[in-house]
Amino acid sequence: MRALSTVASFSDVARKHPDLIRTLVGLGLNRLGFGIDGATSAVWFKTKKPLRSDLVSIEVIRQCRQDFGITPEVLMVFGHNDADDARSLSLAVGFMENMHDTYDAIPRPHVAKDVVPGNNGWHSPLKHTTVEFLTQNPEAFQLLDFTTVPSWLTHPNGEFREIVTNAYLDACRISSVMTKYTLPEDPTLSKGELTSNQLFNRGRYDL
């Protein structure tokens with residue numbers, strides 16, 4: 001079995017009910033994913049994530065591996081517009097590398113997309129043009145996939161888009177990484193480029 005957990009909830013259960021985790025392991029739980037989503041308090045604050053220290057995340061990953069024999073997965077959603085920068089992106093990649101090297105944690109990097117149906121970005125008047133483009137071009141919803149590299153639609157600032165793309169591809173090269181990055185199936189591309197991206201993406205959604 002694979003499962004997901006927040007850092008806080010696992011820490012709480014490990015402290016109060018460790019036998020419950022051991023029971024789950026006995027029933028077949030062998031991998032547990034933790035949403036880390038950034039490597040700095042500034043990013044967590046700007047993306048309205050619960051604030052914590054890296055030490056808390058590291059201790060939970062250590063507990064998962066060493067105390068309970070569960071393989072941890074680091075789910076890292078990064079590349080947030082108006083929140084991340086080159087430093088925070090580098091720290092996020094470094095965190096995944098360090099957790100893999102130290103605790104055999106499986107990296108699962110994903111690219112943040114700030115306009116997704118139902119989220120705050122989707123309902124923001126500032127994103128009206130983006131939502132309108134998507135609704136008029138349903139095939140463009142593929143650009144919102146969290147495995148898809150940044151595009152002009154999701155990351156309008158070209159310079160920032162480039163550094164996010166580079167950081168994401170670096171993360172996807174870490175040993176044992178589960179994420180298979182996909183290319184944008186952008187309806188504004190030439191027919192040749194679009195076909196090439198579609199062919200590249202075949203099978204990459206299958207785990």
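The values are calculated or read from the model by the stated rules, or taken from the named source; none is laboratory data. These numbers were taken from a predicted model, which means no experiment stands behind them. Positions of Cβ are generated from backbone atoms using ideal geometry, with glycine treated the same way; all protein chains shown enter the neighbour counts.
One table, with the values for the structure above:
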| read-out | value |
| --- | --- |
| Members of segment 95-127 found to be of a type in the set (G, A, S), touching a residue at least 24 places away in the same chain (Cβ under 8 Å) and more than 18 Å from S176 (Cα to Cα), listed by number | A112 |
| Every residue from segment 6-37 that is among the polar types (S, T, N, Q) and either buried (at least 17 other Cβ atoms within 10 Å of the Cβ) or in a helix (DSSP H, G or I) (or both) | S9, S11, T23 |
| Residue match in segment 141-150 (condition: within 28 Å of F34 (Cβ to Cβ), among the hydroxyl-bearing types (S, T, Y) and part of a strand (DSSP E or B)) | yes |
| Qualifying residue in segment 131-149 (condition: over 27 Å from S57 (Cβ atoms) and touching a Ser or Thr at 6+ places or on another chain (Cβ under 6 Å)) | yes |
| Scan of segment 173-201 for residues that are polar (S, T, N, Q) and over 16 Å from the mean Cα position of the chain (by Cα), ordered by number | S175, T188, S190, T195, S196, N197, Q198, N201 |
| Filtered residue count, segment 93-107, keeping only those that are at pLDDT below 95 and crowded, with 20+ Cβ neighbours inside 10 Å | 4 |
| Among the residues listed as Y181, Y205, the single one being among the hydroxyl-bearing types (S, T, Y) and touching a Leu at 6+ places or on another chain (Cβ under 9 Å) | Y181 |
| Odd one out for T130 among (1) among the polar types (S, T, N, Q); (2) surrounded by 13 or more Cβ atoms within 10 Å (Cβ to Cβ); (3) in contact (Cβ under 8 Å) with a residue 24 or more places away in the chain | (3) |
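Yes or no, residue by residue, for (1) among the polar types (S, T, N, Q); (2) in contact with an Asp or Glu (Cβ under 9 Å, 6 or more places away or on another chain); (3) part of a loop (DSSP other than H, G, I, E, B); (4) modelled with pLDDT under 95:
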| site | (1), (2), (3), (4) |
| --- | --- |
| E159 | no, no, no, no |
| N166 | yes, no, no, no |
| S176 | yes, yes, yes, yes |
| E185 | no, yes, yes, no |
| L189 | no, no, yes, no |
| T195 | yes, no, no, no |
| F200 | no, no, no, no |
| L207 | no, no, yes, yes |
